Every structure is written in structure tokens, then in C-alpha cells.
Amino acid sequence: MLDFGLTLNKNTTDYETKFLDELKPGDEITGEIIVGEFKTVPMGKREVAEFYIIITDLKNRVKWVCEFTTPYYPETDNIYGENGGVFYNLIDSLNHVVNKTPINWKENYSVNFSRFRKTVNESVSSVTVKALQSDNSDAKTVNLQVINATIITDPEIPPPISIYDLAEEDPIILMAYAGLRNKGDRITVKNITFELKGLYDDKNITKHAYQTALRELKKVKDRG
């Protein structure tokens, strides 16, 4: 089996391992999804890519190992999903669930593997897939249709705080701010710091107030 180069969030060493050929049409599985690395295997005059997708069902403590074999084009790092095939149905239904594209959006899919792997592993935390009967009578496994996906969203980053925002909340910084405005100097963290130092040296503010104002100013420097 390939080295996935990934660490699951939870210890799953004692989970039961099952494979794609154990699924029957109508079965559904839900779990965390990771796409493994691929290896190339010669087939005729070209190479094919073999890779695994693991869906870890945390509730039932089962790791579903799904093996995919697709045509591979090294000049573009693309893999190919032919209409009706296992990979085609997976990528088509995943695209439908996540991006709201129509089912059978493209006749066939040419997919950059590196981008596909990175996007799934970093942006999709879990999926629910349904096993479908393959249109190919010679197929040894079912097809997989993604019917739900949980997307990882970026945490909200607080907007940058400005010196003006601080001046509205801190009367000591407001004093320094007003002093600079009255002198016509630029309102910068550096100039506010000098103004505060002058207020402290002239004993217009206490040491505690001076140090507190400097800590507040650091928020502006740290956050932009």
C-alpha cells in the first residue's frame, strides 16, 4: 500500500479496514476523507496512476480504502476520469455538491492530481458517499456518488485595528493623538510612541498608563 504521508486527527490503528468491493448498491458511508499519493504503473504504451482515497468512519470505527486506477498524463500531472467510471462519478458528484455544478457536467474529466489532492485534503473535512451500481457490467466494484460534503472554512480574522480606533477607546492614546494633530505631525505608531514618552517625561501621565498605552499600540504594529 502507498505511503499517504498524512496523519489522521485521531488514533485509528484499531479501526476495521474495509475495501470498495465490499460495498453494495445503496450502501452509504460517512467519514473524514484523505487522498493519498499516487504511483505510476506501465500499461501498454502509457502509464496509469494508482492512488487511494480513505474515508474514515469515526462513528463505526471503520476505514474504507478505495483504490482508483486512471490514465495519467505526466506532462500535465493530470489524471483522467472517463464517463461512467468510478473516478468520474466521484469527482463529478463532489463537484456538484461543493460547487453546485450539474450532474454529468462534463463528458469526461481531466483533473490535475496535485491540485485535486491538496484541495480535498485541506478543504474537505468529511463526506457522505452512496454506492451506485456501475453502468459497466464487467465492473468489479460499485461507483461512488458524493451526496454531502463538509467544507473547512477559514477562521475569521479580526479586521486590522487603527490608531484612531485605539484613541477612541484609550484616553491616554487620545491625548497623544490630539497632541500630534495640534502640531500637524503625521499620525504614526512611532510618532504616537514619542508623544507618549514626552507626556510621561513631563509627568502628565503615570508610568502604568504609559506602559498600558504602549501595549495597546503594539496591537497596531502586530496586526498591520
Filter segment 194-224 for residues that are of a type in the set (Lys, Arg) and in contact with a Phe, Trp or Tyr (Cβ under 8 Å, 6 or more places away or on another chain); the one that is modelled with the highest pLDDT is 197
- Message: Can you say whether residue 90 is out of contact with any helix residue (DSSP H, G or I) (no Cβ under 6 Å at 6 or more places or on another chain), outside the structural domain of residue 213 (by TED's automatic domain parsing) and of a type in the set (A, V, I, L, M), as far as the supplied structure shows?
- Response: yes
How many residues of segment 175-206 are part of a helix (DSSP H, G or I) and under 44 Å from the mean Cα position of the chain (by Cα)? The answer is 9
Among 86, 48, the single one that is within 25 Å of residue 18 (Cα to Cα), among the hydrophobic types (A, V, I, L, M, F, W, C) and touching a Ser or Thr at 6+ places or on another chain (Cβ under 6 Å) is 48
Does residue 192 meet the test of being surrounded by 13 or more Cβ atoms within 10 Å (Cβ to Cβ) and either touching a helix residue (DSSP H, G or I) at 6+ places or on another chain (Cβ under 8 Å) or of a type in the set (S, T, N, Q) (or both)?
yes
If you go through 147, 161, the only one that is in contact (Cβ under 8 Å) with a residue 60 or more places away in the chain, surrounded by 12 or more Cβ atoms within 10 Å (Cβ to Cβ) and over 27 Å from residue 63 (Cα atoms) is 161
Any hit, segment 163-174, residues being outside any strand (DSSP E or B) and modelled with pLDDT of 90 or more: no
The lone condition residue 62 fails out of (1) surrounded by fewer than 16 Cβ atoms within 10 Å (Cβ to Cβ); (2) over 23 Å from the mean Cα position of the chain (by Cα); (3) modelled with pLDDT of 90 or more is (1)
Checked segment 104-136 for anything surrounded by fewer than 18 Cβ atoms within 10 Å (Cβ to Cβ), in a helix (DSSP H, G or I) and out of contact with any helix residue (DSSP H, G or I) (no Cβ under 9 Å at 6 or more places or on another chain); matches are 114, 115, 118, 119, 121, 122
Pairing a residue in segment 119-135 that is in the same structural domain as residue 62 (by TED's automatic domain parsing) with any residue that is among the hydroxyl-bearing types (Ser, Thr, Tyr), where Cβ atoms lie under 6 Å and the two sit 6 or more apart in sequence or on different chains, gives 125/150; 126/150; 128/30
Residues of segment 65-100 being over 17 Å from residue 124 (Cα atoms), among the polar types (S, T, N, Q) and within 22 Å of the chain's Cα centre (by Cα), in sequence order, are 78
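The values are calculated or read from the model by the stated rules, or taken from the named source; none is laboratory data. Here the structure is a predicted model, which means the values were calculated and not measured. We place every Cβ from the backbone using ideal geometry, glycine too, and count neighbours over all the protein chains shown.
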